[in-house]
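Notes for the one structure printed next.
The values are calculated or read from the model by the stated rules, or taken from the named source; none is laboratory data. Since we're looking at a predicted model, the values are computed, not measured. We place every Cβ from the backbone using ideal geometry, glycine too, and count neighbours over all the protein chains shown. Each accessible area value is taken on the protein alone, full model and side chains, heavy atoms only, with ligands, DNA and RNA left out. Shrake-Rupley method; radii C 1.70, N 1.55, O 1.52, S 1.80 Å.
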Amino acid sequence: MREVHHFIDGKNVAGTSGRFGDIFDPNTGKVQGRVALASKAELGSAVDAASAALPGWASTNPQRRARVMFEFKRLVETNMDELAHMLSSEHGKVIADSRGDVQRGLDVVEFACGIPHLLKGEYTEGAGPGIDVYSMRQPLGVCAGITPFNFPAMIPCWMAAVAIACGNTFILKPSEKDPSVPMRLAELMMEAGLPKGVINVVNGDKEAVDAILTHPDIKAVSFVGSSDIAQYVYSTGTAHGKRVQAMGGAKNHGIILPDANLEQAVKDIVGAAYGSAGERCMALPVAVTVGKKTGDEFVERMIEAARALKVGISTDADAHYGPVVSAAHKAKVESYIQMGVDEGASLLLDGRGLKLQGNEGGYFIGPNLFDNVTASMQSYKEEIFGPVLQVMRVETLEEAAALPSNHQYGNGCAIFTSNGRAAREFAAQVNVGMVGVNVPIPVPVAYHTFGGWKRSAFGDTNQHGPEGVRFWTKIKTITQRWPEGDIGDQAFVIPTMG
């Protein structure tokens, strides 16, 4: 049985804690390997390696750091098939989806290639007599990222690429459910020319997370996961003097107005709701229809579209989505489906109990569709994170907009309409962090920034884009003058500098 350990100081390092977690193949339900779970001491060794590498890397000029990112991008593209198959074998998403996972990570790597421009400061000449003021952005030091199972390529790249390009050294703690792709990405970064110790991967569970959050030499932590854990990471990390961004759960809504192109909306929502088995923080698990006619027609079309989806193993080129990640998660999703039934929602499609011939042990769940869901239902209030679409019916746009605005989560939402004024007003007023107009999954491009509101995000700074550069750097402002002659005639006057 293969074993996945740690990547520290430029090489694979065997775990010494004696603790391991199983790595499953979600397509079969069988154990395919095991991953070492780090101790506090092992995390400390990674911090030591990152600390030793920091002075040299931080002083490397941004252009040379960018060249490493360019080469890393090339190597990832060259190894795309290997990475996609590796990702699918541990996560369960279909190969095409895994390629997309890697590509969305590469988009941020491309952004990081522009780091010489992104790190430029500001300059004011003549702020006072003979006085100039300028600013510079400098790296924070040793930084860390804690990433979830659902995007084992994209989210590590979101964090590590920008942090490292800014001159920091980095420790990645990926999900123990699918650790192989993050390990391979670290190897490719080294192959791209990164000095040893700049990137380190420490696999583990809560013990490793707590070691990161409390280690005095780690200056910043980025996290993506559930909201309860995000709140814990934020409160613990900031209590130990760290800069923290912690992205949590979501319950994204898609609002369908009577003037929407319903054929297009159904096509978009079926992919957004069920793609990747619903295991996306930007999935669209709630459809809000405005008006009875819109609701009736949408539900009729969605039943047909969802029934046409093929659930298959990850390597099935015809499958629309594969299994969920684990037996425990399968049971959790199915418990939410039963909760919805018990609460009185109409279960029009029931995907529970799906078995694939030859893969009976796999963690497969068919498409599930609820109608007549209400805001008082617990199954609506919580994140299901599976192939489940809940349909809610309202009579006005105001009622529809109130649902995502009042929900505990505020990651994103979408509106489907042909009315530009309605879309514009909705986008301006809805209380969420990301909005799509006739776009079902409004994840911003890499040179903008990703982040939700309310319990979807803790901290003041978003992921990647210019916000990412700000998060991974600290600003220093210099006020300078070069007096000549009689100092007495050039007294420095505060605050006017006159």
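Quick test for you: out of 29, 44, pick the one residue that is on the phi > 0 side of the Ramachandran plot and small (Gly, Ala, Ser). Full working, then the answer.
On the way: 44 fails: on the phi > 0 side of the Ramachandran plot.
Just a single option satisfies the conditions, and that option is 29.
Of the numbered conditions (1) in contact with a strand residue (DSSP E or B) (Cβ under 8 Å, 6 or more places away or on another chain); (2) closer than 26 Å to residue 85 by Cα, residue 149 fails exactly one; give the number of that condition.
Going through (1) in contact with a strand residue (DSSP E or B) (Cβ under 8 Å, 6 or more places away or on another chain); (2) closer than 26 Å to residue 85 by Cα one by one, residue 149 breaks only (1).
Tell me which residues, restricted to the stretch 9-50, are under 26 Å from residue 192 (Cα atoms), touching a residue at least 40 places away in the same chain (Cβ under 8 Å) and open to solvent by 20 Å² or more (accessible area, probe 1.4 Å).
Once the filter is applied, which keeps residues that are under 26 Å from residue 192 (Cα atoms), touching a residue at least 40 places away in the same chain (Cβ under 8 Å) and open to solvent by 20 Å² or more (accessible area, probe 1.4 Å), the stretch 9-50 yields 9, 10, 11, 12, 15.
In the stretch 115-131, how many are of a type outside the set (Val, Ile, Thr) and open to solvent by less than 30 Å² (accessible area, probe 1.4 Å)?
Narrowing the stretch 115-131 to residues of a type outside the set (Val, Ile, Thr): 116-123, 125-130.
Cutting the leftovers down to open to solvent by less than 30 Å² (accessible area, probe 1.4 Å) gives us 119, 128.
So the answer is 2.
Mind counting the residues in the stretch 218-231 that are within 17 Å of residue 174 (Cα to Cα) and without any contact (Cβ under 8 Å) to a residue 24 or more places away in the chain?
1
Just checking, how many residues over the stretch 164-188 are farther than 16 Å from residue 20 by Cα and surrounded by 24 or more Cβ atoms within 10 Å (Cβ to Cβ)?
Residues meeting the conditions: 13.
Which ones in the stretch 196-218 are in contact with a Leu (Cβ under 8 Å, 6 or more places away or on another chain), surrounded by 19 or more Cβ atoms within 10 Å (Cβ to Cβ) and assigned to a helix (DSSP H, G or I)?
Correct list: 208, 211, 212.
How many of the residues in the stretch 219-268 are in contact with a Phe, Trp or Tyr (Cβ under 8 Å, 6 or more places away or on another chain), assigned to a strand (DSSP E or B) and open to solvent by 80 Å² or more (accessible area, probe 1.4 Å)?
The total comes to 1.
Only one of (1) touching a residue at least 12 places away in the same chain (Cβ under 8 Å); (2) not in a loop (DSSP other than H, G, I, E, B); (3) not hydrophobic (A, V, I, L, M, F, W, C) fails for residue 296. Which number is that?
Exception for residue 296: condition (1).
Looking only at residues that are closer than 19 Å to residue 403 by Cβ and within 29 Å of the chain's Cα centre (by Cα) in the stretch 289-309, which one is surrounded by the most Cβ atoms within 10 Å (Cβ to Cβ)?
Ranking the qualifying residues of the stretch 289-309, first place goes to 289.
Name the residue, out of 135, 88, that is open to solvent by less than 40 Å² (accessible area, probe 1.4 Å), of a type in the set (S, T, N, Q) and more than 30 Å from residue 16 (Cα to Cα). Spell out how you get there, then give the answer.
Values: 88 fails: more than 30 Å from residue 16 (Cα to Cα).
Of 135, 88, the one residue that is open to solvent by less than 40 Å² (accessible area, probe 1.4 Å), of a type in the set (S, T, N, Q) and more than 30 Å from residue 16 (Cα to Cα) is 135.
Of all strands (runs of 3 or more DSSP E) completely enclosed by the stretch 368-468, which ones contain at least 3 residues that are buried (at least 24 other Cβ atoms within 10 Å of the Cβ)?
Values: elements: 368-371, 388-394, 412-416, 434-437.
Fully inside the stretch 368-468 and qualifying: 368-371, 388-394, 412-416.
Residues in the stretch 75-104 that are touching a residue at least 60 places away in the same chain (Cβ under 8 Å) and of a type outside the set (A, V, I, L, M, F, W, C): how many?
Within the stretch 75-104, residues that are touching a residue at least 60 places away in the same chain (Cβ under 8 Å) and of a type outside the set (A, V, I, L, M, F, W, C) number 12.
Which residue pairs have Cβ atoms closer than 6 Å, lie 6 or more positions apart in sequence or on different chains, and pair a first residue in the stretch 350-371 that is at pLDDT 95 or above with a second residue that is part of a strand (DSSP E or B) and among the polar types (S, T, N, Q)?
351/368; 370/390; 371/346
I need the full set of residues from the stretch 281-310 which are out of contact with any His (no Cβ under 7 Å at 6 or more places or on another chain) and of a type in the set (A, V, I, L, M), in order please. Steps first, answer last, please.
Let us first name the residues in the stretch 281-310 that are out of contact with any His (no Cβ under 7 Å at 6 or more places or on another chain), namely 281-285, 287, 289-308.
Listed by number, the residues that qualify are 282, 283, 284, 287, 290, 299, 302, 303, 305, 306, 308.
Give the residue, chosen from 64, 99, that is open to solvent by 40 Å² or more (accessible area, probe 1.4 Å), charged (D, E, K, R) and within 30 Å of residue 120 (Cα to Cα). Don't jump to the end; show me each part of the working.
Working: 99 fails: within 30 Å of residue 120 (Cα to Cα).
Criteria check complete, one pass: 64.
Between a residue in the stretch 323-345 that is more than 26 Å from residue 176 (Cα to Cα) and open to solvent by less than 60 Å² (accessible area, probe 1.4 Å) and any residue that is in a loop (DSSP other than H, G, I, E, B) and among the basic types (Lys, Arg), which pairs come within a Cβ distance under 8 Å, given they are 6 or more apart or on different chains?
Close Cβ pairs (under 8 Å, with a partner that is in a loop (DSSP other than H, G, I, E, B) and among the basic types (Lys, Arg)) amount to 337/352.
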